[in-house]
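One structure below.
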C-alpha cells in the first residue's frame, strides 16, 4: 500500500529538548516536504527536498532542520523546540515533473512544546 | 503575504445542492493548482488539480475552474453529499526555479442532510 508514514503521531516535549519527527514514503517519490498547520493560517511549508541531498527552505523554516540522506526518508529536526512550534505537522511526498502532481500526505504529528 | 487566499472560512450547503469553494491567488507564475480535502485527525488527500494553461478540469462530481485574468479558481461539487463535509485547501505549485507548494487557509464545508 502506497503511504507516507510519520512518527510519532503525538508528542509532548519541553522547551529546548531536541527532537526528531520521522517521515518515510514507499512510493519512490523524488519530492518530499514538511508543513505545519495552525488555526487561521492553513498549511505552511517548512522545508522541501527535490531529491537525495537536495533540500531547500519553504516559507517558515526558522527553528527547523531537515536531511535527505535516503530517498525514502525525510526527518524533521527541532534542535531547540520552543512553545511557538506547538503545531500539527504533516509530511508529504510526490513525483516531480508530472502534469497532475499530487502530494500524498502522512497522518500528521501533533507536537506540544511546554 | 498570503499568495493563496481562501476568503470564506466556512460554508454550509444542503445535501444535493452545489457547493462552490473559492480561491484567489496573487502570483501569476503558478504552474498548477490543486484542491485537497482534509478530515479531522487525518492528513490532506488530493482531490483534483488543474494546469495553469487550462480553464476547467472535471472529475466526477468535482470540477475546478480557473480564471487566470482574475487570478481566481473555484471548486464545484455537484451534487453535494454529507461525506463531503471536510476542510478544503486550495494549493498552488510554483516550479520555475523552485518547487514550492503554497496553500490557502482552508474552507470548512458542511453538507447538511
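Read-outs: derived from the displayed coordinates by stated rules, not from any lab. Everything quoted here is computed from the prediction, not taken from an experiment. Neighbour counts are summed over all protein chains in view; Cβ atoms, including those assigned to glycine, are modelled from backbone coordinates with ideal geometry.
Distance in nm between label sites at residue B:26 and residue A:17, each 7 Å beyond Cα in the beta-carbon direction?
Modelled inter-label distance: 4.0 nm.
Among B:105, A:20, what is the fewest-to-most ranking by other Cβ atoms within 10 Å?
With the fewest neighbours first, B:105, A:20 line up as A:20, B:105.
For the residues A:96, B:93, A:88, what sequence is obtained by ranking on other C-beta atoms within 10 Å, fewest first?
Listing A:96, B:93, A:88 from fewest to most nearby Cβ atoms yields A:96, A:88, B:93.
What translational D, rounded to a whole number of µm²/s, comes out for chain A from Stokes-Einstein when the hydrodynamic radius is the Kirkwood one over Cα pairs, at 4 °C and 1.567 mPa s?
Working: Rh = 14.0 Å.
Here the translational diffusion coefficient equals 92 µm²/s.
Using a cut-off of under 16 Å, list every residue of the range B:24-62 whose amide N is near the label point 7 Å from the Cα of residue A:110 along the Cα-to-beta-carbon line.
B:39-44
Could I have the simple spin-label model distance between residue A:52 and residue B:96, label points 7 Å from Cα toward Cβ, reported in nm to one decimal?
3.3 nm
Using Cβ counts within 10 Å as a stand-in for footprinting exposure, how do A:36, A:72, B:108 rank, fewest first?
Sorted ascending by nearby Cβ count, the order is B:108, A:72, A:36.
Normalised by the number of residues in chain A, what is the relative contact order in percent for Cα pairs under 8 Å and 6+ residues apart?
35 percent
Could you work out the relative contact order of chain B, using alpha carbon pairs under 8 angstrom and six or more residues apart, expressed as a whole percent?
Dividing the mean separation by the residue count of chain B yields 37 percent.
Using R₀ = 25 Å, calculate the FRET efficiency as 1/(1 + (r/R₀)^6) where r is the Cβ-Cβ separation of residue B:113 and residue B:76; round to 0.05.
The value I calculate is 0.80.
Subtract the Cα-Cα distance of residue A:38 and residue A:62 from 0.36 nm times their separation in residues, and report this length gain in nm to one decimal.
That works out to 7.1 nm of additional length.
Just to be sure I understand: of the beta bridges DSSP finds with both ends in the protein assembly as shown, what percent are antiparallel, rounded to 5?
The antiparallel proportion sits near 90 percent.
Can you give the FRET efficiency for residue B:14 and residue B:69, using 1/(1 + (r/R0)^6), R0 = 22 Å, r = Cβ-Cβ distance, to the nearest 0.05?
Numbers: r = 32 Å, r/R0 = 1.45.
According to the calculation, E is roughly 0.10.
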